[in-house]
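A quick write-up on the structure given underneath.
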Amino acid sequence: MRWVLLLVLLAPAWAAEDELPLGIVRGKLSEPKSNGLRGGFVLTAESGRATSCTYDERTWFESQRVRVSLDAFGPADPVEVLVDQRLRSDGTRRCYARTVRLIEPNAPAPNPRRPVYRSVTEHIMPRGDLAFSGVVTGFTADAVLVKTRTAPARPFLMRPDTRFLERGVISNRAHLPVNQIVFVRAGKNIEGHLEVYQVIWGEIVTGK
């Protein structure tokens, strides 16, 4: 009887943990709380589900391709958040934001002196709408090879605008070691191959 009562009491906590978001989530931010370079906010997804998330000095906040602070986002601003999960001291998991990017409905015209890569299919195909976590197994001339839990090593084609973030700081492929656990934001091109938009590493805790 005691075991039955214990299971009943713990069931809501387990259910709440399983419902934590993971990967790319679009929505809006509210109730920001800051304590120096660390803090938290409530992420309300487009589905209407609200989740309390934390951030720290490694979280990348971006608006118009420029790094900003959490204060730059208003409650009505649409954002895209790359969500991970971190372990608490009691063994439960919490939502952790790795990147927060403002979704700009009317992006400014690009600087003609600074060429920007634009795929001819970006207007009909989602841009970087897939998220993967895995281990880097190697490199080719134009791709990074990543092994995930459910698939062997697969190539993620690098783009001219692929961004590498190491512990929240802009890095490059030369600093990414083999056997490193990474979080990858990617999308499929017209041939169906995976192209990588962001590679993030440094103290990554993957989901279940």
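The values are calculated or read from the model by the stated rules, or taken from the named source; none is laboratory data. Model, not experiment: these values are computed from the prediction. Neighbour counts run over all protein chains shown; Cβ positions are idealised from the backbone, glycine included.
Matching residues to (1) touching a residue at least 12 places away in the same chain (Cβ under 8 Å); (2) within 20 Å of Phe61 (Cβ to Cβ):
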residue: Gly138; (1), (2): yes, no
residue: Leu165; (1), (2): yes, yes
residue: Asn172; (1), (2): no, no
residue: Ala186; (1), (2): yes, no
residue: Ile190; (1), (2): yes, no
residue: Ile200; (1), (2): yes, yes
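Output the number of the condition that Asn179 fails; it satisfies all remaining conditions of (1) at pLDDT 85 or above; (2) out of contact with any strand residue (DSSP E or B) (no Cβ under 7 Å at 6 or more places or on another chain).
(2)
Looking at segment 76-88, is at least one residue surrounded by 14 or more Cβ atoms within 10 Å (Cβ to Cβ), aliphatic (A, V, I, L, M) and part of a loop (DSSP other than H, G, I, E, B)?
no
Check off (1) modelled with pLDDT under 80; (2) over 23 Å from Tyr197 (Cβ atoms) for Pro21 and give me the number that stays unchecked.
Condition (2) is where Pro21 drops out.
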